[in-house]
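Written out below as structure tokens is the structure these notes cover.
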Amino acid sequence: MEKKPFITLEQAQRIIEDVPTPFHIYDEKGIRENARRVNKAFAWNKGFKEYFAVKATPNPYLLQILKEEGCGVDCSSYTELLMSEACGFKGDDIMFSSNDTPVEDMQKACELGAQINLDDLTMVDFLDRVASVPETICCRFNPGGLFSLGNDIMDNPGDAKYGMTEEQMIQAYKQLMAKGAKHFGIHSFLASNTVTNEYYPMLAGILFRLAVRLKEATGAHISFINLSGGVGIDYRPEQPCNDIMAIGEGVRRQFEEILVPAGMGDIAIYTEMGRFMLGPYGHLVTTVLHEKHIQKEYIGVDACAANLMRPAMYGSYHHITVLGKEGAPCDHKYDVTGGLCENNDKFAVDRMLPKIDIGDILVIHDTGAHGFSMGYNYNGKLRSAEVLLKEDGTHQLIRRAETPEDYFATFDFTPFFKDTFKK
Ligand SMILES: Cc1ncc(COP(=O)(O)O)c(C=O)c1O
């Protein structure tokens, strides 16, 4: 499908007068409409709840929007728990899906009354030791082997560090019951960025059958099944687009086929999506600083991999629009680069684009999830601002850009920077 930015050149120019590039911008209207579609797709399930994966886009303004749309949060760390607490999430609104969990993280999750998702059998005793076993508790499942859809291998759970085997799930449930747990959840994440409507239904089938077996083996009451994240987005224009209504319907069919006949029709379905909730509703906006003509044609922009790591890290495709040149022929081949001293700091390689001039504003698409959040400070580069494009067309700064003072803040105990940054 053709990829159109959600801002025009004129809008971008207005925002840049207020917030210089580079910045990530998020589309409130798109986020709300998508969240409503997700809730509609699973409305057949009484207890359905999407727990937005905070790691994808940890910004309190965005969490607030999702909260207003009925979402909870999935946290993986102490600071994500703190941010969620500050946004007013508590108790059942929070799913704590961590691994290799530090004591203080687990204690904070318990203090907030979050639903705890245990990544390993050894976490049962750990939880009991550092906090206490709650009435409702979840365990993460790893089936091992390869996860395939038809002939396509989607991922390799056998090589993944997460979750427990079925035998360990049974043991964990029994131990947890002995320690007072009454209601149980099952969680699993088997493949990332899946662009097929079959992933969730297939995963649901596996987890629903597991739920029936776990109930038979332990007598436990299973109250929810968390399909976690993994629903992908079409980063490339030619890719198919996931249809959340078809996905919800596919999960419903498995539910009717497996859980209802087993007398387990009261199970709530949870999801923990990040990418599907926000990915398409974020752009990285950046200005062209330089052009360079050597063996190849290079366009240097004011953003770099520290603002969006996916292309450098995974070789991921992110579509690029040159604002104001949307209709122009893509007859120039460019590498679009940032300024890191790393040759993989390229947002695009051999990309056909309209002729680009210095000062042009580029939109890098689909940066709303796992974009800003994966940022880092290599080469002393500073993290960018984040901006919200509100439903009424106005914009709001929702995170300021880092300053050198922020970069040096962790030296505040040293004599070196005392005078330099004295206020
Ligand atoms: C435990 C857990 N839940 C949810 C997510 C969100 O995944 P996605 O953004 O692919 O939906 C992740 C991503 O890493 C995760 O590790």
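With a 1.4 Å probe and all protein chains kept in place, how do Asp18, Asp243 rank by accessible area, largest first?
Reading off the accessible areas and sorting them downward yields Asp18, Asp243.
For the pair Glu111 and Asp152, what calculated FRET efficiency results from E = 1/(1 + (r/R0)^6), where r is the Cβ-Cβ distance and R0 = 45 Å, to the nearest 0.05?
That pair, Asp152 with Glu111, gives E of 0.55.
If you average 1/r over every pair of different alpha-carbon atoms in segment 28-279 and take one over that average, what Kirkwood value in Å do you get?
After inverting the mean inverse Cα-Cα distance, the result is 18.2 Å.
Calculate the length of the line joining the C-alpha centroid of segment 52-131 to that of segment 397-419, in whole Å.
Using only Cα atoms to place each centre, the spacing works out to 28 Å.
What distance in nm separates the simple spin-label points at Lys292 and Arg37, each placed 7 Å from Cα in the Cβ direction?
3.9 nm
Mind ordering 158-167, 201-210 by average Cβ neighbours within 10 Å, highest first?
Answer by packing, highest mean first, reads 201-210, 158-167.
Could you tell me the ratio Rg/Rh of the chain? Both radii from Cα atoms, Rh via Kirkwood.
My calculation of the ratio gives 1.00.
Can you work out the PRE-style zone for Leu82? Point 7 Å along Cα to Cβ, and I want the residues of segment 378-406 with backbone N under 15 Å.
none
Ordering Ser223, Ser228 from largest to smallest accessible area (1.4 angstrom probe), what's the sequence?
Order by accessible area, largest first: Ser223, Ser228.
Starting from the Cα of Val349, step 7 Å toward the Cβ, then list every residue of segment 276-312 with an amide N under 19 Å from that point.
292-301, 304-312
Might you work out the accessible area of Thr410 for me, using a 1.4 Å probe with all protein chains in place, and round it to the nearest 10 Å²?
So the heavy atoms of Thr410 present about 110 Å² to solvent.
Apply the membrane-span-like helix rule to the chain: whole DSSP H runs, Cα extent along the own long axis of at least 30 Å, mean Kyte-Doolittle hydropathy at least 1.0. List the helices found.
Membrane-span-like by this criterion, though nothing is claimed about a membrane: none.
Rounded to whole Å and ordered largest first, report the semi-axes of the equivalent ellipsoid of segment 27-130 derived from its Cα gyration tensor (root of 5λ). Walk me through the numbers on the way to the answer.
On the way: eigenvalues 139, 46, 22 Å².
So the equivalent ellipsoid measures 26, 15, 10 Å along its semi-axes.
Cross-link list Lys67/Lys179; Lys29/Lys333; Lys292/Lys355; Lys67/Lys182: which exceed 22 angstrom alpha carbon to alpha carbon?
Among Lys67/Lys179; Lys29/Lys333; Lys292/Lys355; Lys67/Lys182, the Cα-Cα distance tops 22 Å for Lys67/Lys179; Lys29/Lys333; Lys67/Lys182.
With the cut-off at 26 Å, report for segment 281-411 the share of all Cα pairs above it, as a whole percent. Spell out each step's value before the answer.
Details: 1933 of 8515 pairs.
In whole percent, the long-distance tail amounts to 23.
Counting only Cα, what are the radius of gyration and maximum Cα-Cα distance Dmax of segment 262-339, in Å?
For segment 262-339, the Cα-based Rg and Dmax read 19.4, 68 Å.
Could you state the accessible area per residue of the chain in Å², with a 1.4 Å probe and every protein chain left in place? Show your work: numbers first, answer last.
Working: 18690 Å² over 423 residues.
I get 44 Å² per residue for this part.
For segment 228-295, what is the Kirkwood hydrodynamic radius in Å, using each pair of distinct C-alpha atoms?
Radius from the Kirkwood sum: 15.8 Å.
Summing -39500 (n - 2.57) over the DSSP H runs of n ≥ 4 in the chain and dividing by its residue number, what mean residue ellipticity at 222 nm do you reach, to the nearest 500 deg cm²/dmol?
The per-residue figure over the chain is -8000 deg cm²/dmol.
Would you work out what percent of the accessible area of segment 281-411, with all protein chains in place, is carbon or sulfur (probe 1.4 Å)?
After summing per-atom areas, the C and S share lands at 54 percent.
Rounded to two decimal places and with Rh computed the Kirkwood way over Cα pairs, what is Rg over Rh for segment 211-345?
1.19
Please state the charge dipole magnitude for segment 1-109, taken about the Cα centre, from unit charges on C-beta atoms (+1 on K and R, -1 on D and E), reported in debye and rounded to the nearest 20. Walk me through the numbers before you get to the answer.
Working: 14 positive and 18 negative charges, 101 e Å.
It comes to approximately 480 debye.
Show Met313, Met154 ordered by accessible area, largest first, where the area counts protein heavy atoms only and the probe is 1.4 Å. Walk me through the intermediate numbers first.
Values: Met313 105, Met154 50 Å².
The most accessible residue leads, giving Met313, Met154.
Using the crude model of +1 on Lys and Arg Cβ and -1 on Asp and Glu Cβ, and no other charge, please compute the dipole size for the chain relative to its Cα centre, in debye to 20.
Computed charge dipole of the chain: roughly 280 debye.
Take the Cα atoms of segment 91-196, find their three principal axes, and give me the spread along each one in whole Å, biggest first.
On the principal axes, segment 91-196 reaches 44, 26, 23 Å in Cα extent.
The values are calculated or read from the model by the stated rules, or taken from the named source; none is laboratory data. Not measured: the values here are computed from a predicted model. Methodologically, a virtual Cβ is constructed for each residue, glycine included, from the backbone with ideal geometry; neighbour enumeration extends over all protein chains shown. Ligands, DNA and RNA are stripped out before the accessible areas are found, and what is left, the full protein with its side chains, is counted by its heavy atoms. Shrake-Rupley method; radii C 1.70, N 1.55, O 1.52, S 1.80 Å.
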